C-alpha cells in the first residue's frame, strides 16, 4: 500500500500482553440509509469494521474499502449486467403495536345506497345480533324458518288411522260373532265341551266290540311300584273269557246293586304273577247307562261303601287247565270295584292264591294295602295284586277311549 507498518499501542488488546494491533484502513464515508445502492446486487461482501467482535481479544479489524458512488436507477451492474433496482421502502408496523409506524391505508369505497342492487342487508349477516333487540322499530326484519317437509309422516299417519279403523271394525265384528255363537249355544243348550265329553262317553260304550282284546287286556302288564312296599310287579295273562252277559258273574247283592245301569257286555281275563303264586281276574262291565246314571251309581257306592262289603264281591274266572283252575268263590282273598263316570264301565278285580287255598276272611284291596296289616292277605300282598292290575287295565281303557273319540264317526 506504500505505507510502512506502525503498531499503535493504544489499540493493542488487553488480554494479550505485547500483541501488536492490526493496521487500520480508512473507513468509507457514511452512506444514508435511503441512498440508492445501499443494497446492490452482485457487490462483494465487505464487513463493517464497526461490527467486529469486541469479545475476542486480539481480533484484527478488517480493512475498509472505498464505497462505490451512487448508481442511477436502471443502470446495469458491473458484475451481473442486470439493471439496478432501488431498495423497497422500509416496513411500517400496524398502529395497534405501540411505537410502530402506521401503515398507509387505502382510500375507502364510497358508501353504496341500501336500495342499490346487490347490496347485502347488514341485518341478515351472521354477525348481526340474535333476537329482536330493537323491537319493531329496530329496522331488522324478523326471520322465521319454514315448516319442515312432513309428506311421508302425513302418509303414515293416514295409513295408521286406516289400519286402526279396520282393526276396530274387525274387533266389533268378531265380538258380535262370538256373542251370537254364545247366545245360540245358550238358547239351544249346546256346549262344545259337553259335546266332546258325550262323544268320548259314547265311544267308550262301543269299545267292547271295536277294540282288540290285546288292547283291553294286554298279554303282559307291567306294574312298576305296584307291589307291597313299592315293589315292581309283572302280570302275565293266562286266560280270556268270552264276552257274555252278567249272569253268575257277581254275588246276588252286587248284581242287584248294578241293576240300575244294566249289563250290556262283560269282558274278563285272568292273570298270574311271574312266580305263579297268585291269580287275579280282572273284568270290564259295559253298562247301558248314561252319564247321569253312572254318576248316581258312583255316588251310591261311595256313600254306602258297597265296594267294601264281603257280600258284594265279583266272582273270579277259573280257566281250565291253568294255574287258575281252582280259583273259586272260596279262594277270593281281596277285591276292588271302580265305577267310572267318563265311560259307561264298571272295572273290577279279584285275587287269591294260585294253590287253591281257602280264605275265611277276604279283605277289600283298600284295607289290604294299608301299612301295618298283619293278616295273611296283607302279608302276601293280595290287595296290591287286585288294586294294581285293575288300575292298569283301567288306564288302558281310557287310552282306547281317547283314540276312539278322535276317529271320525
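Some notes on this structure:
- Hey, residue 269 within 27 Å of residue 203 (Cα to Cα), modelled with pLDDT of 95 or more and surrounded by fewer than 16 Cβ atoms within 10 Å (Cβ to Cβ) or not: no
- Of all residues in region 286-314 being crowded, with 20+ Cβ neighbours inside 10 Å and over 57 Å from the mean Cα position of the chain (by Cα), the one that is farthest from residue 354 (Cα to Cα): 312
- Only one entry of 384, 321 meets the criterion of being within 23 Å of residue 234 (Cβ to Cβ) and loosely packed, with under 15 Cβ neighbours inside 10 Å, and that entry is 321.
- Inspection of region 230-251 identifies at least one residue that is at pLDDT 85 or above, within 48 Å of the chain's Cα centre (by Cα) and in a helix (DSSP H, G or I).
To keep it simple, each residue is scored yes or no on (1) assigned to a helix (DSSP H, G or I); (2) out of contact with any helix residue (DSSP H, G or I) (no Cβ under 8 Å at 6 or more places or on another chain); (3) closer than 22 Å to residue 266 by Cα; (4) modelled with pLDDT of 95 or more.
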| site | (1), (2), (3), (4) |
| --- | --- |
| 293 | yes, no, yes, yes |
| 359 | no, no, no, yes |
| 387 | yes, no, yes, yes |
| 395 | yes, yes, yes, no |
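- Test: residue in region 261-283 that is part of a strand (DSSP E or B), free of Cβ contacts under 8 Å to residues at least 60 places away in the same chain and under 23 Å from residue 380 (Cα atoms): yes
- Filter pass, residue 286 being in contact with a strand residue (DSSP E or B) (Cβ under 7 Å, 6 or more places away or on another chain), farther than 25 Å from residue 213 by Cα and touching a residue at least 24 places away in the same chain (Cβ under 8 Å): no
- Residue within region 275-285 that is crowded, with 17+ Cβ neighbours inside 10 Å, over 30 Å from residue 203 (Cα atoms) and modelled with pLDDT of 95 or more present: yes
- Filtering region 362-385 to residues that are part of a helix (DSSP H, G or I) and without any contact (Cβ under 8 Å) to a residue 60 or more places away in the chain leaves 365, 366, 367, 368, 376, 377, 378, 379, 383.
- Any hit, region 320-342, residues being assigned to a helix (DSSP H, G or I), at pLDDT 95 or above and touching a strand residue (DSSP E or B) at 6+ places or on another chain (Cβ under 7 Å): yes
The values are calculated or read from the model by the stated rules, or taken from the named source; none is laboratory data. Since the model is a prediction, treat every value here as computed from it, not as a measurement. Neighbour counts run over all protein chains shown; Cβ positions are idealised from the backbone, glycine included.
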